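What follows is one structure encoded as C-alpha cells, with my remarks underneath.
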Amino acid sequence: MTLKARIRAIDRFITGCREDGIYDDLNACCVMAGWDSLAGALTPLKGDAPTNSGFLDADLDRGIGLIGDSTSYLDSNRAANADDEEDAHLAVFASTAAGSGLRSFIANARSWIAKDDTNMYLRINSGASPFVALPNANMFIGSSRSDASNSSYRISQATETVSSSSIAPTSDSTVLYRQLAGTQGNDATIAYYSIGSATDLALLDARVSTLMADLRAIEEAGFDRDAISYIRAVEEADGGAYLETDVKIAINNLVSGLKADGLWDAIGSSCLLSGPRTLAGALVPLKGDAPTPNGFVSGDHSRTDGLRDPEGTSYLDSNRPASADEKDSQHMAVYATSIESVTTGGFPRLIGYRDSATSDMTNIYLNQTTGAVFQSRSTTSYTATPTRLTGLYGVSRSSSGYYDGRVSQVDYNNGVGASLGVSNLDTFIFAYNSDGAPTRPSKSTIAFYSIGSHIDSLALLESHVSAYVTAIGAAI
C-alpha cells in the first residue's frame, strides 16, 4: 500500500463528505486503517488526537484497523457536551466482530454503541437504548439525533428512526473500546470513528465503506485472482470479519507459489484448515467442493494449528469421489501440525478410503511404531519408518505400477503396487472411508489437505504449505 495511494483514498473520502454536506458534522474523527504505525492511525482526520491507553504498534493492522484486547482503550478527548443535546452523532466501522458478552465500541454517559450476545445497542443523548439483532462484523454502525423526541441509527446498511426523548449530555469524554469506568472492554477491530453533530448516517456509511474498500483494494494490489476470491469467501463464512493483512498475504503467497511451481492444477479439492477465524471459514474450499464436517465443533479449530478432535471421533467427508481422478494419476496429502501417539494397534487414518469391491485402497495411516504407511489404488502398502514428524504426509501415483510418498520430510519413491481399480467412494480426512463407513479416526491436528491428480513433487507442495503455516503462526 503506497503512501500516494493512501492519500488519494483519504482525499476521495474528504472530498466526498464535503460534496455530501456531512464533512462539517465530523468534529472528532480518526481513520485507523491504512497506516503502518500506531502514530499514523491515531493522527486525527479532524479534531483532537485521541489519548492511547494500552495499545501497541503490534495491535495495528494496516488493512483492518486497531485490534482491541478488551483492556486497552482510546480517549477521544472530545467532551460529550461539546455537541448539543439535540445535534449529535457517534459512528464506527468495525472490521471484526467483538467477543462474547457485553462489549462497548464507543461510549459516554448518555450515548453509546455496544453489543451483547444477542443485540446491538445504539443510544444517543437518551435514557433508553434502541436495540437491533446483532449483525455480522465488517460494517458501519452509527447513531444520530437531530430533535428532542427521535433519534436514528444505521446498521447493516439500513437506517431506522426511533422514538427516544433526549437528555442533556454530561462533560465526560467519549471513549472507544470500552464503556465508562473501564467496563465492557472490547476486542473488536475498529477501522474508523467519528463524533460530532447530527448527520445523514446513510451518506456517511457510503463514504466510510467506500474508503475501507479503497484501502483494501490498495492493500491487495497484485494479489492472485483465485486468492482474492477465496479470501472473500472465507470472510463471508467468518461472519463478515476481515482477515488480517498478513493472513491474506500468506494465502496469496501460497496460491501464487503453487501456480508458479505447476502444482495448482493438480489440486482438485483442498481446504486451509488453519488461518480462517472460524470453523465455518476453515471449511471454505481453497479449490473444489466444500467438505462435510461430521462431529467437529468450533472448539476443535485453531487458527494457527488447524483442526483436531481430541476425542478422535470426528472426520471430514471431502465430497470428492476417487473416480474424479484418473486411475494412474492421483494424489492425496495432509499437512499435520501435531501427530498422535500410537502405542497399540488401530492404525489411525489421516486421509483416504478403501473400496473392497474395486480393490482401490488409497490412504495414509500411522502404525504403532514410529512410521507411517501409504497406499495408492492398491492393496499393496508401503511403510516409511523415519522418526514421525509434523509436516506433509502425502502419496502420489503417476503410473500403473508405482507410486511415491512423502513422510516426515523424506521422499519415498517407487513404492511397488499395481493400480487395481477406481472407486466411487469419497475421500475422508481424519479417518478413511471403508466401504462407506468412517473407520479408524485420527486425533492428529491437520492444517491443510489436498486431493487430486498426480503431483510431480510432494516436497515442493510441502515447502509451500509449510511456509503458509509458518506465516499464519507469525501473523496471529
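Computed from the coordinates by the stated procedures, all read-outs in this text should not be read as laboratory data. Note that the structure is predicted; figures quoted are calculated from it, not measured. Heads up, the Cβs are rebuilt from the backbone with ideal geometry, glycines too, and the neighbour counts pull from every protein chain shown.
Brief remarks on what is shown
- Net dipole in debye of the stretch 225-475 [+1 Lys, Arg Cβ; -1 Asp, Glu Cβ; about Cα centre; nearest 20]: 260 debye
- Shape summary of the stretch 3-219, radius of gyration then Dmax from alpha carbon positions: 15.6, 46 Å.
- Positive-end residue of 302, 152, 122, charge dipole of the chain with Cβ unit charges: 302
- Positive-end residue, the chain charge dipole about Cα centroid, Cβ charges, pick of 341, 96, 229: 341
- Rg [Å, one decimal], Dmax [Å, integer] - the stretch 142-232, C-alpha atoms: 17.6, 53
- Surface/4 of the Cα convex hull for the stretch 267-393, nm²: 8.1 nm²
- The magnitude of the dipole of the chain, with charges of +1 and -1 set on the Cβ of Lys/Arg and Asp/Glu and taken from the Cα centre, is near 780 debye.
- With contacts taken as Cα pairs under 8 Å at a separation of at least 6 residues, the chain carries a relative contact order of 14 percent.
- Distance distribution P(r), the stretch 345-473, all Cα-Cα pairs, bin width 5 angstrom from 0: 2, 12, 21, 25, 22, 13, 4, 1, 0 percent.
- Relative contact order for the stretch 225-475: 25 percent, from Cα pairs under 8 Å spaced at least 6 residues apart, divided by residue count.
- Each residue of the stretch 84-96 was assigned a 3J(HN,Hα) from its phi angle through the Karplus curve 6.51 cos²θ - 1.76 cosθ + 1.60 (θ = phi - 60°); the sequence is 5, 3, 10, 7, 8, 8, 10, 8, 9, 10, 9, 7, 9 Hz, with glycine and proline shown as x.
- Estimated translational D of the chain in µm²/s (Stokes, Kirkwood radius over Cα pairs; 4 °C; 1.567 mPa s): 53 µm²/s
- Under 15 Å, Cβ to Cβ, from residue 411 - net charge with Lys/Arg +1 and Asp/Glu -1: -1
- Rg/Rg_ref, the stretch 188-333, where Rg_ref = 2.2 N^0.38 Å and atoms are Cα: 1.29
- Exposure proxy ranking for 55, 428, 347, based on other Cβ atoms within 10 angstrom of each Cβ and starting from the fewest, stands as 347, 55, 428.
- Whole-percent pair-distance distribution, where bins are 5 Å wide, for the alpha carbons of the stretch 249-321: 3, 16, 23, 24, 17, 11, 5, 1
- Backbone phi angles across the stretch 275-282, fed through the Karplus curve with coefficients 6.51, -1.76 and 1.60 (θ = phi - 60°), yield HN-Hα couplings of x, x, 6, 10, 4, 4, x, 5 Hz in residue order; Gly and Pro are listed as x.
- Distant-in-sequence amide H partners of residue 78 (H built 1.01 Å from N, under 5 Å): 174
- At 1.567 mPa s and 4 °C, Stokes D of the stretch 1-122 from Kirkwood alpha-carbon radius, µm² per second: 82 µm²/s
- The lysines whose alpha-carbon is closer than 25 Å to the alpha-carbon of residue 4, local same-chain residues fewer than 8 away aside, are 46, 248.
- Applied to the stretch 259-274, the Karplus parametrisation 6.51 cos²θ - 1.76 cosθ + 1.60 on θ = phi - 60° returns per-residue 3J(HN,Hα) values of 5, 4, 9, x, 9, 4, 5, 6, 8, x, 8, 7, 9, 8, 7, 10 Hz, with x for Gly and Pro.
- Ordering of 88-96, 40-48 by packing [mean C-beta count within 10 Å, highest first]: 88-96, 40-48
- Residue exposure proxy: 464, 331, ordered by other Cβ atoms within 10 angstrom of their Cβ from fewest to most, comes out as 464, 331.
- Charge dipole of the chain about the Cα centre (unit charges at C-beta), most positive-ward option of 285, 423, 132: 423
- Ratio Rg/Rh [Cα only; Rh per Kirkwood] for the stretch 1-65: 0.99
- Enclosing the Cα atoms of the stretch 114-189 in their convex hull gives a volume equal to 104 cubic angstrom per residue.
- Database remark: amide H of residue 119 closer than 5 angstrom to the amide H of 134 (H placed geometrically; neighbours at sequence offset of 5 or more, or on other chains; Pro and chain starts carry no H).
- Each Cα pair of the stretch 225-475 feeds into the Kirkwood radius, which the Stokes-Einstein equation turns, at 4 °C and 1.567 mPa s, into a diffusion coefficient of 74 µm²/s.
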